[in-house]
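So the structure is just underneath, and the comments pick up after that.
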Amino acid sequence: LSDIAAMGGEPVAAFLSLALPRDLPQSWVGRFARGLISLAEKFGVTLAGGDTAESPNGVLVDIVVVGSAPQGKAVLRSGARPGDRVFVSGELGGSAAAVLRMRSKPNRKLNPREYPRHFYPEARIELGRILREKNLVSAMIDTSDGLSTDLAHLCEESGVGAELDAALIPRASVGKPARTVDLDLALHGGEDYELLFAAAPGKRIPSQIAGIMLTQIGHITRARKIFLRTRPKLAYELEPRGWEHFRS
């Protein structure tokens, strides 16, 4: 769903392949199905098919989601140009903070309401659609792999670089009492499913769309590198340290 949101598309249908161990309780299957159907109905997605099978070890789930956008209007990662401003929706690092907490204290259960972006992630479908319809963005991607890695993907596809301001990056507050997450989690954590996009200088980007906060965090440059500015005269090259498949 989030990938479709990042192209300004509308989700249409989902296909589910599910392999389950023989001894898995039926109650687990029921909860899984109710969660899936509830999310699908919320976004108008039809569960159009798939497959079920027995798994020799563990639960295996594969979901393919199909979406649509007007012909030639889908937002790509390849349209950013030098001088464009870089924006992100929502706040970052909330999901990674929950994972870090669970790993550090595996025997302590977290309150899902204190870590909503991890336990209740939501694709920004409406936001992505509005950004496309109003022609506000030149390139867009979601932050499922982390800001540093996903910005690197967008810059690579567009043949550009970027400079970010560390002080502007919106960081999530989690836990009770609420604490702001570390900058590293906001930069590299991922799984927040926010939208990261570039907008041309002449485009007016409001502070909110569809109730979602939008924050300018930097700008696109000609140099094919990404820099993070931490002080007025101090910046360093930002290496992508989010999630990358097949990386050891």
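The values are calculated or read from the model by the stated rules, or taken from the named source; none is laboratory data. Please read all numbers here as calculations on a predicted model, not as lab measurements. Counting neighbours? That spans all protein chains shown, and the Cβs are built from the backbone with ideal geometry, glycine included. These accessible areas exclude ligands, DNA and RNA; they are computed on the full protein's heavy atoms, side chains included. Shrake-Rupley method; radii C 1.70, N 1.55, O 1.52, S 1.80 Å.
Relative contact order for segment 86-166: 17 percent, from Cα pairs under 8 Å spaced at least 6 residues apart, divided by residue count.
For segment 140-189, what log10 I(q)/I(0) values come out of the Debye formula at q = 0.30 1/Å, with one point per alpha carbon and no solvent? Rounded to two decimals, the profile gives -1.19. Solvent-free Debye calculation, one equal scatterer per alpha-carbon of segment 52-100: log10 I(q)/I(0) at 0.24, 0.25, 0.28 Å⁻¹ equals -1.01, -1.02, -1.07.
Every Cα-Cα pair of the chain was included, and the share exceeding 29 Å stands at 35 percent.
When shorter helices are ignored and each DSSP H run of at least 4 residues is given -39500 (n - 2.57), the per-residue value for the chain at 222 nm works out to -7000 deg cm²/dmol. Close amide H contacts of SER144 (hydrogens built in the peptide plane, cut-off under 5 Å, sequence separation of 5 or more or a different chain): GLU191, TYR193.
To the nearest Å, what is the center-to-center distance of segment 218-248 and segment 127-167, using C-alpha atoms only? Segment 218-248 and segment 127-167 have Cα centres spaced 13 Å from each other. Entry comment: accessible area of the chain is 57 Å² per residue, from protein heavy atoms only and a probe of 1.4 Å.
Contact order, relative form, for segment 18-137: 24 percent (alpha carbon pairs under 8 Å, 6 or more residues apart, mean separation divided by residue count).
Taking only the Cα atoms of segment 106-248, the ratio Rg/Rh comes out at 0.97, with Rh defined as the Kirkwood radius. Applying the Karplus relation 6.51 cos²θ - 1.76 cosθ + 1.60 with θ = phi - 60° to segment 178-188 yields 3J(HN,Hα) values of 5, 10, 6, 6, 5, 4, 4, 5, 5, 7, 10 Hz, where x marks Gly and Pro.
In this structure, ALA13 and THR230 have a Cβ-Cβ separation that, at R0 = 41 Å, corresponds to a calculated FRET efficiency of about 0.35.
Annotation for segment 60-124: trypsin sites (Lys or Arg not before Pro) lying in DSSP loop with at most 14 further Cβ atoms inside 10 Å of their Cβ are LYS73, ARG108, LYS109. When the chain is modelled as a GNM with alpha-carbon springs shorter than 10 Å, which of GLY161, GLY30, GLY93 fluctuates the most? Looking only at GLY161, GLY30, GLY93, the biggest GNM fluctuation is shown by GLY30. Partners of LYS176 within straight-line reach, counting lysines whose Cα lies under 22 Å from its Cα and excluding those fewer than 8 residues away in the same chain: LYS105, LYS109. Dividing the convex hull volume of the alpha carbon atoms of segment 159-230 by its residue count gives 125 Å³ per residue. For the residues ALA178, ALA69, ALA139, a GNM of the chain with alpha-carbon springs under 10 Å puts the largest fluctuation on ALA178.
Mean-square fluctuation check for the chain, GNM, Cα pairs under 10 Å: which of SER68, SER89, SER38 is largest? In the Gaussian network model the winner is SER38.
Can you send over the carbon and sulfur percentage of the accessible area for the chain, probe radius 1.4 Å, protein chains only? List each step's numbers first, then the result.
Working: 7270 of 14150 Å².
On the chain, the fraction of accessible area on carbon and sulfur atoms equals 51 percent.
Between 0 and 90 degrees, the angle of helix 26-42 with respect to the longest Cα principal axis of the chain falls at about 40 degrees. The distance between label points at SER104 and ILE63 comes to 3.0 nm (points 7 Å beyond Cα on the Cα→Cβ vector).
The mean sequence separation of alpha-carbon pairs under 8 Å and at least six residues apart, normalised by the residue count of the chain, gives a relative contact order of 27 percent.
Given segment 46-173, report the % of alpha carbon pairs whose separation exceeds 23 Å. Here the long-distance tail beyond 23 Å is 52 percent of all Cα pairs in segment 46-173.
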